[in-house]
Amino acid sequence: MNALLNNREVLARIPYTWKPLDKGYSDQSLYVDLSTYSAAVRPVPPEVREKFIGGKGYGLRMLWDAVTPNTTWKDPENEIVISGGPVCGITQYAGSGKSICVGLSPLTEGVVDSNVGGHFGPHLKFAGFDALEVQGIAPREVIVYINGVDHQIEFFVPPAGMHIDSHLLAEELHEMFADNEKDKLNVSVVSAGKAADHSLIGMLNFSFYDVKRKKIRLKQAGRGGLGTLLRHKNVRAIVAKVPQVSGNLVNVVDMPAIMERGKRFTREMIELDDEQCQMRKLGTAHLMGVMEKYDLLPVMNFKFGDHKDCHKIDMEVWKTYFTQGVPDGCWLGCTMMCAKGVDDFELRTGPYKGTKVLVDGPEYETAAALGSNLAVFDPLYVIEQNFYCDTYGICTISWGNIVAFMMECWEAGILDKEKTGGLDFTWGNAEDALECMHQLARGEGFGLVAGLGVRKMKELFIEKGWGDAGFLQDIAMENKGMEYSMYISKESLAQQGGYAMTNKGPQHDEAWLIFMDMVNNAIPTFEDKAEALHYFPMFRTWFGLAGFCKLCWNDIEPADNAQTAEPNKVPEHVDNYVTVFKAVTGLDFDKEELIRMSERVYNFQRVFNIRMGYGLRKHDAQPYRACGPVTAEEYLSREERYDKQLKEEVGVDPATMTLDEKRKALRTFREDRYEKLLDAVYKRRGWNSNGVPRVEFLKGIGMDLPELIEVVAPLQ
């Protein structure tokens, strides 16, 4: 491959002056204009650093400045912004390699952010940049190379024969730019695959070199279609290379404090992981058994919470497939090591049939989306779908919702073979689900319909008169155009808000309140729920500002956490984050300022959505399937529970009612509760009844920027 390196067709090469990091920041960003193959180093103003911190905050601020209220995702002005935050890149505390990708979404048409592991975020910082802005559309397909060794930005034409699909493309580019095998650790690649060319659900893959396996692996920025945006911009890949990662490249203020907290957390992992979550053996797939136990595992398009065959894809099964005893961290120094993988998996379908590959995951979301939600209980088919989603550049959560929606439409007689071009979407038919995915990657057949996502499929089916519009609205598991993350929210009003009130769409990274609400009944009143739906989204937002992974916060807890005053917040770990952030940046900082930081950025994103035509109360509406039972079958599966609620909470006697009357009464009650929850949460967040941040509230949190006031003032 070095021959390709020496003979590549370079379209432009721009030198830049490298600036070392100081206290987690270089205070400069890299701006790339694909339309002219140009690049520029831009200073990050102090006021931007103060108010937006880094990561997601920088992404949102830079995107706001790049677009207008009339910009669509297809316009050249739309950007992909990648930023890691000040803590991103340290190796002494677990989970410190995350970056956030921001852009106008092909899927939702609003502002989207997606977090991701892998090495690109830290490498971007070590190359000298707090953020990367990619704007414009390249006249011909390009690869963008950030050379952090020689300090140059390069645009070159993909060499003939170089692949598009991510698992091969990442291998080729690591091989192309690494001086030797060991040097592959210093190369990282951002890419999408063939399916991103033909869909709205394309995702970004971020690569990293697995030293133990001596293989290239991938982590995903899955949500919102940013892989589609990358391919629309005519980019094959973005590559970063840096000198050897070692020591204190972030140039922190107080390394001993970081190391002390890092050692403390590592000790917890070693001593407590096996009895708590087994993250080092299973990663997030340990949740497969837990969610089924509490009737929370999505089965058959979120109709049910368990199934007699769920044991075939539960945590013990995944333990036998995942390679054990290897350091599975997606960034250096992460002792959680949850990035599990299946080695030497022989593919049975598609263009790579017969090839043995390394499959990253499945994580819980993927196992649920591509397994139980489709009534697919064969782990081999789940793994196969996982691999092809990754290399084709498809969000596994979106794909699991898409196929489940089609399967329920098939069951209801809305779809048939004439409409699907011969594909059979009977529940559990993994073969045709895979064939649909392969069609999408080839840009043909019903795969192109699937690639539209659930919202646009629903609208298409209604437009064609293929089914009852109300039924399709009820079962289409999307909000704001984004498909639902893999937890059943029917019995947790707080989680319904934690999904549908999100800024970007129903992703669990804002709030996961099911256990607090449903299992432990710790937030019984609307005010309690509103308080939780203020604190936890703000707290979780902060991970994306600083550069942390969420998993190290509460997936392992200190042994005495249950005895603390606020165990759901894991106060010792909150103190760890405060200590580490202060030790990196030297800023005066406490747990209250952590929430204030997030409030500023969270409300900025809300106003950004309003500016783009979204972000109001009507956009926080949820499909009824997220709230309660749509079908008679669904009600009957939990009849005792629902009848009890009608009697004790609604105040009617189910014994005197028909099944349809019971379903109608329950629906009225639950939909009314959700509206009351919206009122309570909006009030707690400082918003008016339409979900618009109040001017006085923005002033109070220091986010009364003139451009924000201009948007919200007419809506007060």
>> Can you give me the convex hull volume of the Cα atoms of segment 629-678, divided per residue and expressed in Å³?
In response: 70
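Using mean Cβ contacts within 10 Å as the protection proxy, how do 224-231, 49-56, 456-463, 625-632 order, highest first? Write down the numbers at each step before the final one.
Numbers: 224-231: 30.6, 49-56: 24.2, 456-463: 16.6, 625-632: 20.9.
For the peptides 224-231, 49-56, 456-463, 625-632, the packing ranking is 224-231, 49-56, 625-632, 456-463.
Take every Cα pair under 8 Å in the chain that's 6+ residues apart, average their separations, divide by the length, and report that relative contact order as a whole percent.
This gives 14 percent for the chain.
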> What's the center-to-center distance, using Cα atoms, between segment 547-618 and segment 85-119 in Å?
Replying inline: 15
> Straight-line reach from residue 303: which aspartates and glutamates have a Cα under 12 Å away, not including same-chain ones fewer than 8 places off?
Replying inline: 295, 408, 474, 633, 634
> So how compact is the chain: Cα radius of gyration and Dmax in angstrom?
Replying inline: 24.2, 81
>> For the ranges 595-601, 342-348, what's the packing order if you count other beta-carbon atoms within 10 Å of each residue, average per peptide, and put the highest first?
In response: 595-601, 342-348
>> Debye calculation, C-alpha points only, no solvent: report log10 I(q)/I(0) for segment 424-494 at q = 0.17, 0.24 Å⁻¹, in the same order as the q values.
In response: -0.79, -1.21
>> Please give the Cα centre distance for segment 288-338 versus segment 360-412, rounded to the nearest Å.
In response: 13
> Which links in 529/618; 480/664; 98/353 stretch past 28 Å when you go from one Cα to the other?
Replying inline: 98/353
>> Defining a contact as two alpha carbons under 8 Å apart and six or more residues distant in sequence, what relative contact order in percent does segment 289-348 show?
In response: 20
> Which of the listed residues, 146, 227, 89, is farthest toward the dipole's positive end in the chain, when Lys, Arg count +1 and Asp, Glu count -1 at the beta-carbon?
Replying inline: 146
>> Is the C-alpha gyration tensor of segment 2-241 telling us rounded, prolate or oblate? Criteria: a/c under 1.5 is rounded; beyond that, a/b larger than b/c is prolate, otherwise oblate.
In response: rounded
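Based on a Kirkwood Rh over C-alpha pairs, give the Stokes-Einstein translational diffusion coefficient of segment 255-483 at 20 °C and viscosity 1.002 mPa s in µm²/s.
Numbers: Rh = 18.7 Å.
Value of D from the Cα-based Kirkwood radius: 115 µm²/s.
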> Relative contact order for segment 255-483 using alpha-carbon pairs under 8 Å, separation at least 6, rounded to a whole percent?
Replying inline: 15
>> When 1/r is averaged over all different Cα pairs and the result inverted, which Kirkwood radius in Å belongs to segment 288-410?
In response: 14.9
>> If the reach is capped at under 12 angstrom between alpha carbons, list the aspartates and glutamates near residue 74, excluding any in the same chain fewer than eight residues apart.
In response: 109
> Once label points are set 7 Å from the Cα along Cα→Cβ at both residue 180 and residue 559, what is their separation, rounded to one decimal in nm?
Replying inline: 4.5
> Once you charge only the Cβ atoms, +1 for Lys and Arg and -1 for Asp and Glu, what is the size of the charge dipole of segment 494-715 about its Cα centre, to the nearest 20 debye?
Replying inline: 680
> Which pairs, out of 340/417; 215/319; 19/182; 125/212, put more than 29 Å between their alpha-carbon atoms?
Replying inline: 340/417
> What helices does the chain have that are whole DSSP H segments, at least 20 Å long along their own axis by Cα, and with mean Kyte-Doolittle hydropathy of -1.0 or more?
Replying inline: 255-276, 396-411, 526-546, 571-585, 591-611
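Any read-out appearing in this document is the output of simple, stated calculations on the displayed coordinates, not a laboratory observation. Every value quoted in this text rests on a predicted model; they were computed, and no experiment measured them. Glycine gets a Cβ as well: all are built from the backbone with ideal geometry, and neighbour counts include every protein chain shown.
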